[in-house]
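First comes the structure, then the notes that go with it.
The values are calculated or read from the model by the stated rules, or taken from the named source; none is laboratory data. Everything quoted here is computed from the prediction, not taken from an experiment. Ideal geometry is used to build each Cβ from the backbone, glycine not excepted, and the neighbour counts take in all protein chains shown. The accessibility values were calculated without ligands, DNA or RNA, using every heavy atom of the protein model including side chains. Shrake-Rupley method; radii C 1.70, N 1.55, O 1.52, S 1.80 Å.
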Amino acid sequence: MTLERGLGFDPSMRTALTAALLVSTLSLLLLPAAQAASRDFPTVAARARRCERVARQLAAQERRTLAPSGCGIAEGCTARQRRRWARSATDYRAGNPALEGRVLFTDASPGHPDAAFVKENDPLVDPARISSRVEAGYIVRTRADADTVQARTGETAQREAALESGAQYVSTDYPVPDPDFGTGYFVAIPDGATF
């Protein structure tokens, strides 16, 4: 939770969250006997839409649970509301600074007991920092591209650095090439390997 990011739902991770929800909720998407008998199976797109709905519901629940009254999004808060926002993060950590058994991560700096997730947006700035944080046990997310720059230019240095960084999550806006840019830029796990 930060004033800059709001409640911790990072829109750039929507695809990863949707995929994770799709996989983790397959058991919840079991077909009723009538559908199975008629072979009227929901498509992957229908399941993905359901996962998107679940993701929106989770984000809304997170906002309702943690947002201080009178300020739904921290970016639009007054100074007084920001102080209340900071207290809500403190209250969430109260009695359990390492967040054991808690549902959400707070946005804490590495070294704090509640730090678990770290965003390193640019893998080119300090590549060693990503690998050292992974080795220290943090979940690290980095970006393969940003602001359509790589898709427009076809530049792959950030993509290659992100894939080689060791980060558990690599975000991209281009899992397939965008024909509007004509560069053929896209991001995929090399050889379809899993790490």
In the stretch 108-195, what percent of the accessible surface is made up of carbon and sulfur (1.4 Å probe, ligands and nucleic acids excluded)? 52
Across the stretch 120-128, in residue order, what do the Karplus-derived ³J(HN,Hα) couplings come to in whole Hz, using 6.51 cos²θ - 1.76 cosθ + 1.60 with θ = phi - 60° and x for Gly and Pro? 10, 4, 10, x, 7, 5, 8, x, 5
With a sphere of radius 14 Å drawn around the Cβ of ALA151, what net charge do the other residues whose Cβ falls strictly inside it have (Lys, Arg +1; Asp, Glu -1)? -3
Give me the tail of P(r) for the stretch 142-182 as a percent: Cα-Cα pairs with distance above 13 Å. 48
Please compute the Kirkwood hydrodynamic radius over the stretch 105-172, one decimal place, Å, based on all pairs of different Cα atoms. 12.3
